[in-house]
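Engineer: Next up is a structure, given as structure tokens.
The values are calculated or read from the model by the stated rules, or taken from the named source; none is laboratory data. Values in this document were obtained by computation on a predicted structure and should not be read as measured data. Because the Cβ atoms are built from the backbone with ideal geometry, glycine has one as well, and the counts that use them run over all protein chains shown.
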């Protein structure tokens, strides 16, 4: 996130017939004897009998009356098909991924990142995610100089919204300045759920509160206007290694007023690189106070 001297924000596409022979009444004579064998059933007269018997063709209709495989087929189609059963089957619950899931900003309780600041200011600090909720999380920066920053974030379907001051390198140099802020208004997002090259987003936050400068308490109001654009994936070399990271260019304008009067307006421009599954690996910002660079030294994600 952009870095300034006076602000503390940087910002998971279916189941019969028969026949008989005749007899003769004439007394037998030599001549009449001959017809007798002719009256006897001839082999020809016996032949019709087998023809009346069921022929193989006539026997065929019987099996055709029996249910054919085609007639039996409709029965299984009446049974519930796999498609019909599916709607009644209980749908297993989907594990909730959480509103804070973001590929470029791992939100895992206990995760830590150690950074080196160089340029306009010089220091090291460790960022830790101290608490994770379903719709938000808290983080903390501890600087080697002894300064600390407490941050709170809101999550909306992977979109991350910073609710408090970001990790400002100038905090490490402000040992005599203690800030107490409350958010008066907050619109937009700090970092989108899955930024693609060309995507743009904005955020405007108005902070109100008090500042203790050298023992003097002063009413302070700070308006931050953030405007960012995803450029594309680049290879960056940092102490933790060579990584493919998404470059994001941002412009941040700060309007700071003391006791109701605008005391300072400043604009910071810069680039930040985010590696998927790792988070912020490098940033480089330019402001009126010079150029400040932050690089990732090490990290641990449980």
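Engineer: Count, please, the residues in region 276-298 that happen to be over 19 Å from residue 233 (Cβ atoms) and either touching a strand residue (DSSP E or B) at 6+ places or on another chain (Cβ under 7 Å) or not assigned by TED's automatic domain parsing to the domain that holds residue 251 (or both).
Structural biologist: Of the residues in that region, 11 qualify.
Engineer: Going residue by residue through region 197-217, is there one that turns out to be modelled with pLDDT of 95 or more and within 25 Å of residue 300 (Cα to Cα)?
Structural biologist: For region 197-217, residues modelled with pLDDT of 95 or more and within 25 Å of residue 300 (Cα to Cα): absent.
Engineer: Hey, another quick one. Identify all residues within region 118-136 that are in a strand (DSSP E or B) and over 15 Å from residue 298 (Cβ atoms); write none if there are none.
Structural biologist: 118, 119, 123, 129, 130, 131, 132, 133, 136
Engineer: Would you list the strands (runs of 3 or more DSSP E) that sit entirely within region 187-302 and hold 3 or more residues that are surrounded by fewer than 16 Cβ atoms within 10 Å (Cβ to Cβ)?
Structural biologist: 200-213, 216-238, 241-258, 261-275, 290-300
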